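Novice: One structure is given below, represented as structure tokens, and several questions about it will come after.
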Amino acid sequence: MTRELLLQPGSHGLGMTHSGLTPDATTTAVCGYCSTGCGLRIHLREDEAIGLTPETNYPVNLGMACPKGWEALRVLDSDDRATHPLIKNPNGGFSKATWDDALRLFTDRFKSIQAEHGKQSVAFLSTGQIPSEEMAFLGALAKFGMGMVHGDGNTRQCMATAVTAYKESFGFDAPPYTYDDFEQSDCMVFVGANPCIGHPILWERVLRNKNNPEIIVLDPRRTETAMAASQHLQLSPKSDLALLYAITGEIIRRGYVDDSFVQASTTGFEQLCEHVAKFDTESVAKISGVSEEQIIKAAEAIGTGNAVSLWWTMGVNQSYEGTRTAQAIINIALITGNIGRPGTGANSITGQCNAMGSRLWSNTTNLIGHHRFEDADDRAKVACELDIDIESIPTETGWSYDRIMEGIQNDEIKGLWVIATNPAHSWIHQSNAREILDKLDFLVVQDMYSSTETARHADLVLPAAAWGEKEGTFINSERRYSLLKKVAKAPGEALSDFNIFRAVAHYWGVAEMFSQWTDPEAAFRIMQRLSEDKPSDITGIDGYEHLDDCGGIQWPWTSADAKQWAKPYQQRRLFSDSVFHHDDGKAKLIIDDITPMPEPTCDDYPTMLLTGRGAVSQWHTQTRTSKSPVLRKLYPNEPYIEIHPDDARSIGVQNGEQVRVTSRRGSLIANAMVVPTVKPKQAFMPMHYEATNQLTLSHFDPHSRQPSYKNSAVRIEAV
């Protein structure tokens, strides 16, 4: 036993291992948690994974990994993995079924619903967690093969605002940056973003910056990132749009505008100047709780910086005026000429591992490959490339996530297919969401676990393989296509989502329509053809082996690029030529009026509840991270709420004691975490706990239809 415990240098990777974990080969695969897209070196013995370490040569993470990445294999080995199809029985429990019985039930029930209520009565909700090839297959199968009109993804909850903002401002959903920009900036602005926790490897890239950058954080909380900043503008919740307009006004007044760039490459500057003039520092200081001096200092740092990058995540996106807030950030980058150069950009950091893949390939908000359902030429191109009848392609974009949920409530949608997402936990105003799911005539949940909150409501559960048990590509925040690989066997009778879709096509009677979709790499070739001549063109990628050899490849990489360059260069930015994707080649400077907060605090509900990421080791609804004993030890297992010491004293509680938190929608018990990092009359709860969304208010950005999770009025009382 002593010899078995003896550690030796891990010549196959970082760290020390004992002889029982010595591999006979290694391979590199992209991590399946967040959008950073780290490379993991998988240790193999007889072609199966026995361990992993961060890949030292991968251009994304450069030998680093967060706790979730280190534990990526462990969460595959869980007692509640979905291993067989399950059918709900009359007493409310589930019975094992064969795949044949499950797929016949799937087909018969959905077809009968469509026959009785119309094609639009069945919808799907997909995810940012499965490979691009599976997203493309699902979207094509559901909309072209099964006749569905409505489908959306859980990326509506995290990235819809950024997508809408980029489309309207740039003419295409085009995050312009590369991760090297974290190391090249001399001024960095983080708005509603806490990369220390949300994207820790990206924060490590910030720490590698040798320019001693000015770091400015706009956030109501004194987050871990704010603590490391040189300027923290601790604004009042949802005053960010007014504050950004005030900063923009100061940049203009102080002569920091790049006039030649604005004249040549933007439209709407005069209207912008007129609009932001209304947001003087004195009045905005009163609205935002940030002093005039802080506003001016931030504007000066941005205006005098040589390479300024502005970054945002959910604090902006998950807002009832998030699209216009994102565009206010974009406006600042544009008028100062901070785009297309190293260390610059208006840069949305994506959430899920393949949210970018969902944006391009899920066939939901756009016709597959970032085409338009309403455009006859786009439909003709897609029909030709897929060798299908153009009449099978819908002529309109389907409903957004919130409208699908509303459609269920209104008896317009009777059947729902949920793939790798957990709306019974994550959707806003949770109790209402669960009531809505229970109204369905037929709910199918396709997931790697049979224990999710949504699976408990299902009529049929289809067991799916997970990351590490199948292959395909993810697209990270910097537009990099990277490979995930099959390095483990799926448990029981679980199948990859790709093969489930193939089986559904067969049982539905449209197998011939999808005869080209034989395997993920064949689907990737189809995606390449569909991408031709789009800003996201990937026709120059020479298959999976090419991606593997290069450590991933950022889009665009066209066939013309491939002829000109022997190998893709790793750090590529968009708009270095100052040409955008609108017909006139210019970016639009977009403005709007400020809108009032939908649910302000009052005497009955005097505290504003903020939500967000709680710990590096937690992820979304904890469907996977809760399965790791190591990760569970790195965060509080019970829900907690951060409150200011003044509020704790006023209600008579001390740190660690229980409090009741009540909103107009629900009530829960949480442990009080008394901290000075939130302001009085504000509180913060991590989104990862099942209870949190019992409190949140169901309201949405009008342009992106993204839920606004971060502003709900609550009352906190001692228990």
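Novice: For a Förster distance of 45 Å, can you work out the FRET efficiency between the beta-carbons of Glu532 and Ser19, rounded to the nearest 0.05?
Specialist: Given R0 = 45 Å and the Cβ-Cβ separation, E is 0.30.
Novice: Ignoring everything but the protein chains, give the 1.4 Å probe accessible area of Ile651 in square angstrom, nearest 10.
Specialist: The accessible area comes out at roughly 50 Å².
Novice: Could you check how many percent of all C-alpha pairs in region 653-698 are farther apart than 15 Å?
Specialist: The share of Cα pairs beyond 15 Å in region 653-698 comes to 48 percent.
Novice: Continuing with this model, one more query. Work out the P(r) tail for region 222-332: percent of alpha carbon pairs separated by more than 18 Å, whole number.
Specialist: Values: 3057 of 6105 pairs.
Everything past 18 Å amounts to 50 percent.
Novice: Let me ask another. Between Asp583 and Asp387, what is the label-point separation in nm under the 7 Å Cα-to-beta-carbon projection?
Specialist: 3.6 nm
Novice: Let me ask something additional. Quick one: order Arg664, Arg624, Arg649, Arg480 from most to least accessible surface, probe 1.4 Å.
Specialist: Arg649, Arg664, Arg624, Arg480
Novice: Separate question: For a quick size check, give me the Cα extents of region 58-181 along its three principal axes, largest first, whole Å.
Specialist: Computed over the Cα atoms, the extents are 56, 40, 23 Å.
Novice: Taking square-rooted eigenvalues a ≥ b ≥ c of the alpha carbon gyration tensor, is region 364-455 rounded, prolate or oblate, where a/c under 1.5 means rounded and, failing that, a/b exceeding b/c means prolate?
Specialist: prolate
Novice: Follow-up. Could you tell me the relative contact order of the chain? Use alpha-carbon pairs under 8 Å, at least six residues apart, and round to a whole percent.
Specialist: Over the chain, the number comes to 19 percent.
Novice: What is the gain in length, in nm to one decimal, between Ala615 and Asp259 on full extension, counting 0.36 nm per residue of separation less the C-alpha to C-alpha distance?
Specialist: 123.9 nm
Novice: Per 0.36 nm of contour for each residue apart, how much would the distance between Asp542 and Asp646 grow if the chain were fully extended, relative to their Cα-Cα spacing?
Specialist: Full-extension gain reported as 31.4 nm.
Novice: Measuring from the lowest to the highest alpha carbon on each principal axis, how far does region 449-551 reach, largest first, in angstroms?
Specialist: Dimensions of region 449-551 along the principal axes of its Cα atoms: 43, 31, 23 Å.
Novice: Follow-up. Take Glu638 and Ala718, extend 7 Å from each Cα along the Cα→Cβ direction, and tell me the distance between the two endpoints in nm.
Specialist: 1.7 nm
Novice: Computed over the Cα atoms of the chain, what is the ratio Rg over Rh, Rh following Kirkwood?
Specialist: Numbers: Rg = 24.9 Å, Rh = 26.2 Å.
When Rh is taken as the Kirkwood radius, the ratio is 0.95.
Novice: Over region 121-175, one equal point on each Cα, no solvent: what is log10 I(q)/I(0) by the Debye formula at q = 0.22, 0.24, 0.32 Å⁻¹?
Specialist: With one equal scatterer per Cα and no solvent, log10 I(q)/I(0) is -0.92, -0.98, -1.10.
Novice: Give the residues of region 78-95 whose amide nitrogen is closer than 13 Å to a point set 7 Å from the Cα of His117 in the direction of its Cβ.
Specialist: none
Novice: Please report, in debye to the nearest 20, how large the charge dipole of the chain is about its Cα centre when each Lys and Arg carries +1 at its beta carbon and each Asp and Glu carries -1 there.
Specialist: Value, rounded to 20: 1280 debye.
Novice: Please give, to one decimal in nm, the separation of the simple spin-label points placed at Leu207 and Asp77, each 7 Å out from Cα toward the Cβ.
Specialist: Label-label distance for Leu207 and Asp77, simple model: 2.9 nm.
Novice: A follow-up question, please. To the nearest 20 debye, what charge dipole does region 152-293 have about its Cα centre, counting +1 at the Cβ of each Lys and Arg and -1 at the Cβ of each Asp and Glu?
Specialist: About 400 debye.
Novice: Here's another thing I want to ask about it. Given R₀ = 41 Å, FRET efficiency for Arg45-Glu224 by Cβ-Cβ distance, to 0.05?
Specialist: With R0 = 41 Å, the Cβ-Cβ based efficiency is 0.60.
Novice: Can you work out the Karplus-derived ³J(HN,Hα) for every residue in region 628-637? Use 6.51 cos²θ - 1.76 cosθ + 1.60 with θ = phi - 60°, whole Hz, and x for glycine or proline.
Specialist: The phi angles translate into 9, x, 5, 5, 4, 7, 9, 8, x, 6 Hz.
Novice: Consider just the alpha-carbon atoms of region 599-719 and return their Rg together with their Dmax, both in angstrom.
Specialist: 14.4, 43
Novice: Here's something else I'd like to know. Among Ala380, Met64, Ala333, whose Cα projects farthest towards the positive end of the dipole of the chain, with charges put on the beta-carbon of Lys, Arg (+1) and Asp, Glu (-1)?
Specialist: Met64
Novice: Can you give the accessible area of Phe580 in Å² (nearest 10), computed on protein heavy atoms with a 1.4 Å probe?
Specialist: It works out to around 10 Å².
Novice: If the viscosity is 1.567 mPa s and the temperature 4 °C, what translational diffusion coefficient in µm²/s does Stokes-Einstein give for region 135-240 when Rh comes from Kirkwood over Cα pairs? Could the numbers behind the result be given before it?
Specialist: Working: Rh = 16.5 Å.
Once the numbers are plugged in, D ends up at 79 µm²/s.
Novice: Also: Given H placed on each backbone N at 1.01 Å, which residues far from Leu484 in sequence or on other chains put an amide H within less than 5 Å of it?
Specialist: Val30, Gly472, Thr473, Phe474
Novice: With point charges of +1 on the Cβ of Lys and Arg and -1 on the Cβ of Asp and Glu, referenced to the Cα centre of the chain, which listed residue (Val418, Leu235, Ala683) lies farthest in the positive direction of the dipole?
Specialist: Ala683
Novice: Pull out a ≥ b ≥ c, the square roots of the eigenvalues of the alpha-carbon gyration tensor of region 86-145, then state rounded if a/c is under 1.5, prolate if not and a/b is larger than b/c, and oblate in the remaining case.
Specialist: The shape class here is oblate.
Novice: Right, here's the next one. Can you tell me the alpha carbon radius of gyration of region 1-99 divided by the globular rule-of-thumb value 2.2 N^0.38 Å?
Specialist: 1.44
Novice: Using DSSP to define loop residues, name the GluC sites (Glu not before Pro) in region 357-464 whose beta-carbon has at most 15 other beta-carbon atoms within 10 Å.
Specialist: Here the sparse-neighbourhood loop sites are Glu374, Glu396.
Novice: Over all directions, average the projected area of the Cα convex hull of region 483-625 and note it in nm².
Specialist: So the mean shadow area of the Cα hull is 17.1 nm².
Novice: Give the residue list of GluC sites (Glu not before Pro) in region 623-719 that are DSSP loop and have at most 16 other beta-carbon atoms within 10 angstrom.
Specialist: For GluC sites (Glu not before Pro) across region 623-719 that sit outside H, G, I, E and B with at most 16 neighbouring Cβ atoms in 10 Å, the list reads Glu657, Glu690.
Novice: For the full complex of protein chains and a 1.4 angstrom probe, list His18, His12 by accessible area with the highest value first.
Specialist: Solvent-accessible surface, decreasing: His18, His12.
Novice: Moving to a separate point now. Give the long-range amide H neighbours of Ser712: residues separated by 5 or more places, or on another chain, with amide H under 5 Å away, using H modelled in the peptide plane at 1.01 Å from N.
Specialist: Amide H neighbours of Ser712: Leu609.
Novice: Nothing charged except the Cβ atoms of Lys and Arg (+1) and of Asp and Glu (-1): what's the magnitude of the dipole of region 61-161 about its Cα centre? Round to the nearest 20 debye.
Specialist: 240 debye
Novice: Express the relative contact order of region 10-81 as a whole percentage, based on alpha carbon pairs under 8 Å and six or more residues apart in sequence.
Specialist: On the way: 115 pairs, mean separation 17.5, N = 72.
That works out to 24 percent.
Novice: Restricting to DSSP H runs of at least four residues, report the calculated mean residue ellipticity at 222 nm for the chain, -39500 (n - 2.57) per run over all residues, nearest 500 deg cm²/dmol.
Specialist: On the way: 27 runs with 224 residues, N = 719.
Only helices count here, giving -8500 deg cm²/dmol.
Novice: Using a 1.4 Å probe on the protein heavy atoms only, what accessible surface does Tyr33 show? Give it in Å² to the nearest 10.
Specialist: 10 Å²
Novice: Normalised by the number of residues in region 198-313, what is the relative contact order in percent for Cα pairs under 8 Å and 6+ residues apart? Don't skip to the end; give the middle numbers.
Specialist: Numbers: 104 pairs, mean separation 30.4, N = 116.
Over region 198-313, the number comes to 26 percent.
Novice: Still on this structure, I have one more. With a Förster radius of 41 Å, plug the Cβ-Cβ distance of Lys96 and Asn655 into 1/(1 + (r/R0)^6) and report the FRET value to the nearest 0.05.
Specialist: 0.30
The values are calculated or read from the model by the stated rules, or taken from the named source; none is laboratory data. Here the structure is a predicted model, which is why all the values come from computation and not from measurement. Glycine gets a Cβ as well: all are built from the backbone with ideal geometry, and neighbour counts include every protein chain shown. The accessibility values were calculated without ligands, DNA or RNA, using every heavy atom of the protein model including side chains. Shrake-Rupley method; radii C 1.70, N 1.55, O 1.52, S 1.80 Å.
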